[in-house]
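**Student:** The structure's right below; bear with me while I get my questions together.
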Amino acid sequence: MDTRELAEEFLSRARRDGLRELVAAATASPSAPVAVTGVAGSAAAMALAGLERPGGAPVTVVADTADDAGYLYQDLCALCGQQAVMFFPSGYKRDIKYGQEDPPSQVLRTETLSHWNDDPALRFVVTYPEAVAERVAPCEAVRDHTLQIAVGGELRLDEFTRWMFDNGFVRQDYVYEPGQFAVRGSIIDVFGYSNELPYRIDLFGDEVDSIRTFSIETQLSEQKVERVAVAANMASGSDDAMGISVLRFIAAGSLLAVRDARHLLQRVEAIASESFSASAAYAGSADEQALARVVDAAAFAADFASMPRLYFSGAQNSLSTDTYLPADTAGASMAFNCTPQGLYHKNFDLIADSFRELKKKGYTIMILSDSEKQAERLRAIFAERGDDIAFDYVSGTVHEGFVDHDTRRCVFTDHQIFDRFHKYTLRSERARSGKLALSLKELTAIEPGDFIVHADHGVGRFGGLLRTNVNGTTQEMIKLVYKNNDCIFVSIHALHKLSKYRGKEGVEPAVNKLGSGAWSRLKEKTKSKLKDIARDLIRLYAARKDEQGFSFSPDTYLQHELEASFIYEDTPDQTSATQAVKHDMESPRPMDRLICGDVGFGKTEIAVRAALKAAADSKQVAVLVPTTVLAYQHFRTFAGRLKGFPVRVDYLSRARTPKQVRQILADLAEGKIDIIVGTHRIVGKDVRFKDLGLLIIDEEQKFGVAVKEKLKQMKTSVDTLTMSATPIPRTLQFSLMGARDLSNINTPPPNRYPVLTSVSSLTDELLAEAVNFEMARNGQVFIVNNRIEGLYQLEQMVKRVVPDARTLVAHGQMPPGELEQAIIDFANHDYDVLLATTIIESGIDMPNVNTIIVNNAQNFGLSELHQLRGRVGRSSRKAFCYLMVPPGAPVSPVARRRLQAIESFSDLGSGIHIAMQDLDIRGAGNLLGAEQSGFIADLGYETYQRILKEAVTELRTTEFAGVMTAEKTGGDGSDEEEFVADCVIESDLELLLPADYVPQESERIALYRELDSMELDADIDAFCSRLEDRFGPLPEVTRELVRVPRLRRLARQLGVEKVALKGGKMYLYFVDDSNKAYYQSAAFGRLVTFLQQNPARVKIRENAATGRRSFAIATVPSVSSAAALLASVRAMPAS
């Protein structure tokens, strides 16, 4: 059974008839609103699902808050289908008084407006007070400002462009946000306000050839459509005179279903009486006319009172008189008999008792879940506990479970049983990604003046993309400027040797001098250092391979119970990491696994599961953390998660008294403590374990050398699990594959609340509002400032605007004991506001802190902001992050992009890592030792990575050939040895992306770089189809260009160092005489065969000075003919 079938059964014929009569009564007498009572939890959505389209118009459902509306919308979608329900949000972020427009929400508003009165499939529009308080354009204006386009129809480009400009659209090179359009040749991209994705329209003359939606991030087409409506921004009246109330927009006689009429009118009145707050007007991003778009509260109330209304409530029997408006007379009502699902808080004794009691009374128990695995998990827990409790599984879920006493049915949700947060998703989420995609693209694009690293010459500055004339043909080159203004020009076929310099943020590299040899020496020095590091890692790996450890038993019911009670849903990464850890523990070889994952991605949960598994086999567990604060925090986490399980958890740190320490050490030695959490104190000489089975290390890179040595000795015989919050870059993992078992957790918990992020300037009003709101819900606030002296001024400001707030200042210059005590006091809620420098970035978990204010946010790096924001939103409450910039002061373009990227993507993780180079660098430093950061700063990250890869490959193929399997080197999967690492291509042919085909210079460079790094034919074909999709059919010069990577690969496999295509001939240059192995190889043998078969066409040449040989092959006029010729040589037998 699924949720739709469940709703059908819930809505019996008698109930449907009752609802129909109610609606008829409401329509007949608007001043006597009707009521539906006793619809607790999601029973409200099920009852509403029984309403047909009264009067042929959709029902407008008004919830109390945006979240309430989001959940009602999701429930109705699950019960009636996506097509039948639409969501009508506010067009602004936060309160309308801040004037911060939210384009994705405006898309949803306009889309809903365009369907509201014209879509026969639409049954419900769900909204809330803040959304209906904003005016909308009248119905005819929405139709007038919508352009209909159909395949096969006529579309004149000049008329289309004029319509776009007249309706407020902006012309761009590429489309990323609503309200933009682009024209490239015969292709038009347009992002209207009535769809969550933009459209790509392909013209053939003036006729529309095809219409496709396309993804904002990849800019690639997704699916074909036959006709589209492109709407201008109608989210609010475009001027004061045009806007009308939503209640006047919808068809006369439409039914309103309202949860709380009094609350609705009070909220609208409160919004109408607000005054504009200038705190959000940073860099001119606020709509100062926002409050002019709010409806007149008195007129709204009068319209509301004249409409047919249905009030719905979870209250039993009848509604209280407070619910009705003074002028109302209570109309007919219909009582359901539903009560909310009980709160079990993961207590399985309570769940089992309650379920048995319900079964005894003749109730049917139904468990709703999106995944059948959860239902199976519940069955397994009941079976292992010995409870005989049968239930029916229903696929799909609703927000809140309930008990229907009339039909004796319990509709329970698994997320409530297991105490998990349930998240709703709106259709605007995809439209949000545009801002982030654009910001990241701008941050990674190469601009003139940027630092570029050339693999052979070192760090120079990018001087632009230049066009040159070579023997009458046009070619594009990249200009690099070195020390003393020396320049080199790099062919677009050698871009794989270039990379954008990525070092520590804000630190500029030294520009190299051409021809000095310093660059080569630096590369060699780095390689030898890296070999030393890799050698140690591989040796440790080899030693562990031969060691015998303890094999843990398979999972018990305790393990299932613990895992089922995890408040969040396991992410795929978490599941695979948990399985990998269990597999390692159950195998006889000692585990040494490193788990990397961002703050709050659930690493600790994996450690808790591993600890219980070890304790279930009567083994002791030591959890080692770098600071006293973290020791106390981990102790609370472990103790909290393992509450009710037969294990004892304790902790050792400076915070314990000598008497407590003596007692703990004695209990450890006797085996009375199962899990001990502590700082480096637990590897001290006086600590004795009865039977240590598992060692968990958090942030290993923060420990000193002595502790690390001690750990190295322990690791060879005890199962070890190491956790790190700094992600190890994927590129490094590949290089070190096999040297250490590694699990990466890249995905955030799916049901975690996104953190509401906004950029504004710091005002007394905003500070008071943020702190008071958090204190009102008994929460706490972080305020971060990057300079210590500013902390005390901020503290005075907080005390002035919120006198009753208890404040505390913490920073790295305080004595360690005092700092730790301050943070422990704050964690214990002795204070409300913690003002600190970025020290709170490092791993402190305080679920009660759900507001963070970052002062002077423009001075922080992208990853710092991301990690600071990760400190909040770690519980089931909504969290807020305020990024403050100085009022009036200009913010640099890079800083603004950074702030926009972080503001527009408020989810954790969320692909933002692309731009986090400083995180990659920190990760590399942590994995390979701090002194490596210096080399990375000198070489740039990409070059460093390349050298690391070379170093590890050399070790694998020489010293450790037996320990680690060498990888095949052939780029196409061939296992023949290659004799050259790279092949240079030169030509006098016209091979390029014409400027009228790809107009933007930075886009051409990005495409050249992407193409030049390709190896496989499948990748090149995919690249061509992407080009065709975005820019139209490939010009011939571009078709030739995309064949270059294949030519280079074939030449390299034949041992050719350089290929020159000039004057209709192809010249192949080989390695010098010293490489004897090459001249005896099969690759050279094939070239000899070709020479023997084509003596008239091939000339052999030898350079007397260098001893290098080359072939000159006649009649090779193009890249395609050159590639075909080398492919035929590859297929020949070796002579």
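**Student:** Among the residues of segment 345-367, which ones are farther than 19 Å from Phe10 by Cα and of a type outside the set (Lys, Arg)?
**Tutor:** His345, Asn347, Phe348, Asp349, Leu350, Ile351, Ala352, Asp353, Ser354, Phe355, Glu357 - these are the residues of segment 345-367 that are farther than 19 Å from Phe10 by Cα and of a type outside the set (Lys, Arg).
**Student:** For the list (1) closer than 30 Å to Ser576 by Cβ; (2) surrounded by 19 or more Cβ atoms within 10 Å (Cβ to Cβ); (3) within 35 Å of the chain's Cα centre (by Cα), I need the number of the one condition that Gln620 fails.
**Tutor:** Status for Gln620: all satisfied but (3).
Conditions (1) assigned to a helix (DSSP H, G or I); (2) more than 35 Å from the chain's Cα centre (by Cα), marked per residue:
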residue: Arg16; (1), (2): yes, yes
residue: Glu52; (1), (2): no, yes
residue: Gly55; (1), (2): yes, yes
residue: Asp64; (1), (2): no, no
residue: Asp67; (1), (2): yes, no
residue: Tyr71; (1), (2): yes, no
residue: Leu79; (1), (2): yes, no
residue: Gln83; (1), (2): yes, no
residue: Ser90; (1), (2): no, no
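**Student:** Name the single residue, out of those in segment 326-352 being surrounded by fewer than 13 Cβ atoms within 10 Å (Cβ to Cβ) and either under 21 Å from Pro33 (Cβ atoms) or of a type in the set (D, E, K, R) (or both), that is modelled with the highest pLDDT.
**Tutor:** So the first thing to find is which residues in segment 326-352 are surrounded by fewer than 13 Cβ atoms within 10 Å (Cβ to Cβ), and the list is 326-327, 329, 343, 345, 349.
Filter once more, keeping what is either under 21 Å from Pro33 (Cβ atoms) or of a type in the set (D, E, K, R) (or both): 326-327, 329, 349.
On the way: Pro326: 72, Ala327: 71, Thr329: 74, Asp349: 84.
So, considering only residues that are surrounded by fewer than 13 Cβ atoms within 10 Å (Cβ to Cβ) and either under 21 Å from Pro33 (Cβ atoms) or of a type in the set (D, E, K, R) (or both), the one modelled with the highest pLDDT is Asp349.
**Student:** List the number of the failed condition for Glu990; all other conditions in (1) more than 29 Å from Val175 (Cβ to Cβ); (2) surrounded by 20 or more Cβ atoms within 10 Å (Cβ to Cβ); (3) of a type outside the set (S, T, N, Q) hold.
**Tutor:** Answer for Glu990: the failing condition is (2).
Residues checked against (1) buried (at least 24 other Cβ atoms within 10 Å of the Cβ); (2) of a type in the set (Asp, Glu); (3) touching a strand residue (DSSP E or B) at 6+ places or on another chain (Cβ under 9 Å); (4) touching a residue at least 40 places away in the same chain (Cβ under 8 Å):
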residue	(1), (2), (3), (4)
Arg4	no, no, yes, yes
Glu8	no, yes, no, no
Leu11	no, no, no, no
Leu22	no, no, yes, yes
Ala25	no, no, yes, yes
Ala28	no, no, no, no
Gly38	yes, no, yes, yes
Ser42	yes, no, yes, yes
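**Student:** Restricting attention to segment 132-146, does a residue exist that is among the aliphatic types (A, V, I, L, M) and at pLDDT 90 or above?
**Tutor:** Looking only at segment 132-146, we keep the residues that are among the aliphatic types (A, V, I, L, M), and these are 132-133, 136-137, 141-142.
Narrowing the set further to residues that are at pLDDT 90 or above leaves 132-133.
Within segment 132-146, one or more residues are among the aliphatic types (A, V, I, L, M) and at pLDDT 90 or above.
**Student:** Only one residue in Gln796, Gln813 is surrounded by fewer than 20 Cβ atoms within 10 Å (Cβ to Cβ), free of Cβ contacts under 8 Å to residues at least 12 places away in the same chain and assigned by TED's automatic domain parsing to the domain that holds Asn859, so which one is that? Walk me through it before giving the result.
**Tutor:** Numbers: Gln813 fails: free of Cβ contacts under 8 Å to residues at least 12 places away in the same chain.
Result: Gln796 is the single residue among Gln796, Gln813 that is surrounded by fewer than 20 Cβ atoms within 10 Å (Cβ to Cβ), free of Cβ contacts under 8 Å to residues at least 12 places away in the same chain and assigned by TED's automatic domain parsing to the domain that holds Asn859.
**Student:** Looking at the structure I just gave you, is Ala577 touching a strand residue (DSSP E or B) at 6+ places or on another chain (Cβ under 8 Å), closer than 30 Å to Ala810 by Cβ, in the same structural domain as Ile676 (by TED's automatic domain parsing) and among the aliphatic types (A, V, I, L, M)?
**Tutor:** On the way: touching a strand residue (DSSP E or B) at 6+ places or on another chain (Cβ under 8 Å): yes; closer than 30 Å to Ala810 by Cβ: no; in the same structural domain as Ile676 (by TED's automatic domain parsing): yes; among the aliphatic types (A, V, I, L, M): yes.
Here the answer is no, as Ala577 does not meet what is asked.
**Student:** In the list Arg609, Arg593, which residue meets the criterion of being assigned by TED's automatic domain parsing to the domain that holds Val649 and closer than 30 Å to Glu950 by Cβ? Walk me through it before giving the result.
**Tutor:** Numbers: Arg609 fails: closer than 30 Å to Glu950 by Cβ.
Unique residue meeting the criteria: Arg593.
**Student:** Then there is this: Without any contact (Cβ under 8 Å) to a residue 12 or more places away in the chain and among the hydrophobic types (A, V, I, L, M, F, W, C), is that true of Ala1131?
**Tutor:** Working: without any contact (Cβ under 8 Å) to a residue 12 or more places away in the chain: yes; among the hydrophobic types (A, V, I, L, M, F, W, C): yes.
Yes: the conditions hold for Ala1131.
Here is a yes/no grid of residues against (1) more than 30 Å from Gly185 (Cα to Cα); (2) among the β-branched types (Val, Ile, Thr); (3) surrounded by fewer than 20 Cβ atoms within 10 Å (Cβ to Cβ):
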| site | (1), (2), (3) |
| --- | --- |
| Ala84 | yes, no, yes |
| Ile96 | yes, yes, no |
| Asp102 | yes, no, no |
| Trp116 | yes, no, no |
| Arg123 | yes, no, no |
| Ala131 | yes, no, no |
| Gly153 | no, no, yes |
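**Student:** Could I ask something else about it? Please enumerate the residues belonging to segment 265-290 that are modelled with pLDDT of 80 or more and within 21 Å of Gly99 (Cβ to Cβ). Write out each step before concluding.
**Tutor:** First pass over segment 265-290, keeping only residues modelled with pLDDT of 80 or more: 265-274.
Once the filter is applied, which keeps residues that are modelled with pLDDT of 80 or more and within 21 Å of Gly99 (Cβ to Cβ), segment 265-290 yields Arg267, Val268, Glu269, Ala270, Ile271, Ala272, Ser273, Glu274.
For every residue, the table says whether it meets (1) in a loop (DSSP other than H, G, I, E, B); (2) in contact with a strand residue (DSSP E or B) (Cβ under 9 Å, 6 or more places away or on another chain).
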| position | (1), (2) |
| --- | --- |
| Leu992 | yes, yes |
| Ala1006 | no, no |
| Ala1022 | no, no |
| Arg1030 | no, yes |
| Leu1034 | yes, no |
| Arg1039 | no, no |
| Leu1050 | no, yes |
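**Student:** Output yes when any residue across segment 1035-1058 is surrounded by 13 or more Cβ atoms within 10 Å (Cβ to Cβ), over 22 Å from Leu498 (Cβ atoms), in contact with a helix residue (DSSP H, G or I) (Cβ under 7 Å, 6 or more places away or on another chain) and without any contact (Cβ under 8 Å) to a residue 60 or more places away in the chain, and no when none is.
**Tutor:** Checked segment 1035-1058: no residue is surrounded by 13 or more Cβ atoms within 10 Å (Cβ to Cβ), over 22 Å from Leu498 (Cβ atoms), in contact with a helix residue (DSSP H, G or I) (Cβ under 7 Å, 6 or more places away or on another chain) and without any contact (Cβ under 8 Å) to a residue 60 or more places away in the chain.
The values are calculated or read from the model by the stated rules, or taken from the named source; none is laboratory data. Source: prediction; values computed, not measured. So basically every Cβ, Gly included, is an ideal-geometry build from the backbone, and we count neighbours across all protein chains shown.
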